[in-house]
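Here's the structure, in structure tokens; my notes come after.
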Amino acid sequence: MEESRRESLLFYKYLCHKIGTQVDVRTRRLSFIICDIHNNPLKRNAFKYFPEISSGSRAEGLNLSGSDVDIMLIDNRFEVYESENEAVQGREVNLIMDTEDTPHCFSKLRVLTNYNRIEDNNGRFKRFLHFEGPTSLLSSEMYKEHNLNRIRQVAPRFDTIHGPCISDYNERYDFAHCLKCAKWISQAQPWIHRTRATWPNAKNIEKIIKCGVLFVPIGSKGSSIENLQWRISFSVAEKILIFSFNHTQLLCYALLKIFLKDIIDSHEDLKGILCSYFLKTLMFWISEEYDLSIWTPCNIIPCFKLCLRRLLYCIKYSTLLHSFIPDNNLFYLRFNEQNKATLLNLLKDAIQPRYQMFLVIQNFE
């Protein structure tokens with residue numbers, strides 16, 4: 001037992017040297033917070049009135065090889081409400097959630113404000129709308145196309161739509177235009193009160209609820225109304241949760257990302273089958289279920305192997321529930337028999353006692 005603790009402590013120190021100490025992580029995070037406050041050149045030119053929130057690995061304090069820069073721009077010309085009763089008339093365009101006939105974690109957005117009364121140069125706002133009788137819906141596809149054209153005018157290198165984002169040709173920078181709902185939505189209410197061990201604490205839960213949710217312009221793939229759907233995003237909540245990790249939790253999260261990039265994605269038939277968001281979701285579930293006291297430097301190897309075992313279990317049973325809306329199974333129809341078997345074999349090997357954690361170092365070169 002003592003030998004195992006000593007090995008873990010050595011590995012923890014090694015990871016601090018390669019990935020970063022707690023001070024390194026705080027410094028990186030602070031630099032992104034300062035950028036959010038003072039804006040970037042693209043925002044000053046094209047979207048100067050849009051509040052900015054940095055996200056992704058770099059903003060989380062992890063400076064891993066190949067990580068891109070993710071920026072969320074909050075379009076404050078719009079305000080989303082869950083029902084008409086909550087809507088407040090103001091300068092914003094009021095949008096009402098419509099989740100009828102949409103998958104979990106997605107919604108259509110119905111325009112409550114009479115668009116004829118909206119101050120709009122050259123009728124551009126009307127171009128975002130899709131009309132169904134008397135109902136007008138905000139099209140996520142047309143909204144995204146409009147923002148792409150605006151960005152191109154000031155930064156031509158941003159010429160690609162990548163999921164809900166607009167990316168540069170190297171896909172190193174992603175900008176996601178988001179709409180905000182200031183209130184915590186009913187679909188995610190059970191998250192507030194569900195049984196937990198010790199994490200997250202009540203203070204962070206309260207902070208998350210006050211942040212509300214975001215809507216990003218992308219629909220459910222394959223849906224007949226994909227172009228009208230918006231994905232409900234908990235990016236701000238997720239950032240708060242990542243910031244609340246202790247350093248051992250954060251290093252385990254970083255190791256999962258490295259394992260994905262250097263081990264799983266190195267297999268041609270597995271590349272892209274998993275993503276960082278799945279690993280983040282996995283970490284949230286494990287952190288809720290186990291006491292915070294297990295996440296210590298002298299226990300980091302058992303903690304990481306616990307994460308790998310849980311990932312193996314989730315893949316085996318094709319089940320990874322969304323952290324905030326568990327009705328959404330992120331692994332539904334994700335795997336076929338062949339790639340599932342390959343993934344399970346990789347994870348089984350990694351869990352074996354003979355597996356050397358120090359071998360997972362390509363990302364540190």
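The values are calculated or read from the model by the stated rules, or taken from the named source; none is laboratory data. Computed from a predicted structure; not experimentally measured. No Cβ is skipped: glycine too gets one built from the backbone with ideal geometry, and neighbour counts run over all protein chains shown.
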Any chance residue 141 is over 18 Å from the mean Cα position of the chain (by Cα) and at pLDDT 90 or above: yes
Subset of segment 164-177 (residues that are under 18 Å from residue 66 (Cα atoms) and not in a strand (DSSP E or B)): 169, 170, 171, 172
Residue that is surrounded by the fewest Cβ atoms within 10 Å (Cβ to Cβ), among those in segment 290-302 that are assigned to a helix (DSSP H, G or I) and out of contact with any helix residue (DSSP H, G or I) (no Cβ under 8 Å at 6 or more places or on another chain): 293
Qualifying residues in segment 171-212 (those that are polar (S, T, N, Q) and free of Cβ contacts under 8 Å to residues at least 12 places away in the same chain) - the one farthest from residue 54 (Cα to Cα): 195
Residue count for segment 321-334, restricted to those that are in contact with a Ser or Thr (Cβ under 6 Å, 6 or more places away or on another chain) and among the hydrophobic types (A, V, I, L, M, F, W, C): 1
Segment 303-342: number of residues that are farther than 25 Å from residue 288 by Cα and either surrounded by fewer than 15 Cβ atoms within 10 Å (Cβ to Cβ) or not charged (D, E, K, R) (or both): 8
Residues located in segment 154-166, provided they are in contact (Cβ under 8 Å) with a residue 12 or more places away in the chain and surrounded by fewer than 21 Cβ atoms within 10 Å (Cβ to Cβ): 154, 155, 157, 161, 162, 163
Per-region count, segment 180-204, residues buried (at least 16 other Cβ atoms within 10 Å of the Cβ) and touching a Leu at 6+ places or on another chain (Cβ under 7 Å): 3
Output for segment 261-284, where each listed residue is under 15 Å from the mean Cα position of the chain (by Cα) and loosely packed, with under 15 Cβ neighbours inside 10 Å: 275, 277
Condition check for residue 232: free of Cβ contacts under 8 Å to residues at least 24 places away in the same chain and under 18 Å from residue 322 (Cα atoms): no
Breaking point among (1) out of contact with any Gly (no Cβ under 8 Å at 6 or more places or on another chain); (2) surrounded by fewer than 21 Cβ atoms within 10 Å (Cβ to Cβ); (3) not β-branched (Val, Ile, Thr), for residue 287: (2)
Any hit, segment 171-187, residues being on the phi < 0 side of the Ramachandran plot, assigned by TED's automatic domain parsing to the domain that holds residue 213 and at pLDDT below 80: yes
Residue within segment 170-186 that is of a type in the set (Phe, Trp, Tyr), touching a strand residue (DSSP E or B) at 6+ places or on another chain (Cβ under 7 Å) and closer than 19 Å to residue 77 by Cβ present: yes
Matching residues in segment 205-236 - criterion: being surrounded by fewer than 17 Cβ atoms within 10 Å (Cβ to Cβ) and in contact with a Pro (Cβ under 6 Å, 6 or more places away or on another chain): 220
Filtered residues of segment 69-99 (kept if out of contact with any Leu (no Cβ under 8 Å at 6 or more places or on another chain) and surrounded by fewer than 17 Cβ atoms within 10 Å (Cβ to Cβ)): 76, 77, 83, 85, 86, 88, 89, 90, 91
Residues being of a type in the set (Val, Ile, Thr), more than 27 Å from residue 301 (Cα to Cα) and part of a loop (DSSP other than H, G, I, E, B) - total across segment 198-250: 2
Residue that is out of contact with any His (no Cβ under 9 Å at 6 or more places or on another chain), more than 27 Å from residue 25 (Cα to Cα) and of a type outside the set (Asp, Glu), where the choices are 315, 325: 315
Index of the failed condition, residue 257 passing every other in (1) part of a helix (DSSP H, G or I); (2) under 14 Å from residue 324 (Cα atoms): (2)
Candidate set: segment 44-84, residues that are modelled with pLDDT of 90 or more and assigned to a helix (DSSP H, G or I); chosen: the one nearest to residue 212 (Cα to Cα): 84
